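Report on the structure given below.
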C-alpha cells in the first residue's frame, strides 16, 4: 500500500487523490447516509420550529440532528423545505432518487438539519454561498440561528466579502436598478421605476441593506427560489425567516460572506466532512479542482492536520455524493497518527 503524507506538496496530494475518483463514484452512498443517521437522527411527525440550535462546546463544530419524515401524498420538497427551514437544493441533494415534486405517500424523506458550522469567528451573520444558507450568532447568547437562502444566479453572482448591516427597512418599496429594468424590457416584461410595498413587491415584508453597495437580504413574494440560484445577487429569505431575523439582528451586525463547499468539523472526538456541489459560473469543476478544494479546506484546520488518521475512501465518497450531510471520516479505531492517503 502506498501512503501519502500531509508533508507532501498539495499538487502531489491532489493528483494521487484524483486517481481513485472514478472508483469513488461507484461506491454505494447508502453506508454514508446510515452512518450519519445512526449518529444523530430524529423522526419528525410534523413541521419543525425555526432552526435555533445550541452552540457546541469549545473545540466542536456540529449542531442539529438529521431528521427523517414520512411524506404525505400532497408533499413536495418545496413545501417540506419551507416547513423545516430548508432550501430546495439541499433537499434534493440529501434525497437522491426521490421525486422532488411527488415523493409518494409514506416515502421516507431525509431533512438535512445537521450542520458543520462555518470556519471562523462565530459572531454576527455568516452566509455560505455553497450551502445556500445563513448563520446568525446573536451576541451574548450560546445559540445559532440558521436559514436557507436564494442567492445570485449565474452572471449575477453574490459577492464574497466582509461587510455589515447598515440599514433595516420594514415593508420596503423596490426601485429596480437600470440593469434589471433593461433585462426585463428585453424579455417583454417592462418594470416600473418603483414597486410599492405589497404582494407584488419581490423584496417581501423586510429588507436589510448591506454595506456592500447594491446588495440586500430580503424576503420574497415568490413561493419558489429559496435554496436556489435565482436572484440578481441579493439574498432571498422565506418571509417568516426574514421577519424573525429582523427582530434579532441590529444595524451594525457584522456580515461575512464565504463560498466554502467543503467543511471539516469535530464532534465527540471524531472528524466529519460536509460536502456541497461547488458553485462555478464557468462549468462543472474538474475532479482535480474539487479535490484541491478539499485538501485546502483541510489544511486550514491546524487542529486536524497531522493529528488524526482519516479514511480517505470515505472522503472520496463524501466528495462524490455532495449531499450536504456531515459524515464521519476518521478510521473506526480513531488512531492518532500522521494523516495518510492510501492508494492501493
- Message: Once you order the gyration tensor axes a ≥ b ≥ c over the Cα atoms, which shape class does the range 101-196 get: rounded for a/c under 1.5, otherwise prolate or oblate by comparing a/b with b/c?
- Response: oblate
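Could you give the length gained on full extension between residue 171 and residue 300, defined as 0.36 nm per residue of separation minus the Cα-Cα distance, in nm?
Values: separation 129, 0.36 × 129 = 46.44 nm, distance 4.18 nm.
Length gained between residue 171 and residue 300: 42.3 nm.
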- Message: For the range 101-190, what does the relative contact order come out to in percent, with C-alpha contacts under 8 Å and a separation of six or more?
- Response: 13
- Could you check the simple spin-label distance between residue 141 and residue 161, using points 7 Å along Cα→Cβ, in nm with one decimal? 2.8
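Once you order the gyration tensor axes a ≥ b ≥ c over the Cα atoms, which shape class does the range 191-266 get: rounded for a/c under 1.5, otherwise prolate or oblate by comparing a/b with b/c? Please report the intermediate quantities before stating the final value.
Numbers: a/c = 1.75, a/b = 1.52, b/c = 1.15.
Verdict is prolate for the range 191-266.
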- Taking Cα pairs closer than 8 Å and at least 6 residues apart, the relative contact order of the range 64-135 in percent is 39
- Message: Going 7 Å from the Cα of residue 108 along its beta-carbon direction, which residues of the range 291-333 have the amide nitrogen within less than 19 Å of the resulting point?
- Response: 323-328
- With R₀ set to 35 angstrom, the calculated FRET efficiency between the beta-carbons of residue 194 and residue 70, to the nearest 0.05, is 0.15
- Would you mind ranking 274, 105 so that the residue whose beta carbon has the fewest other beta carbons within 10 Å leads the list? 105, 274
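Any read-out appearing in this document is the output of simple, stated calculations on the displayed coordinates, not a laboratory observation. For clarity, every value in this text was computed on a predicted model and none was experimentally measured. Heads up, the Cβs are rebuilt from the backbone with ideal geometry, glycines too, and the neighbour counts pull from every protein chain shown.
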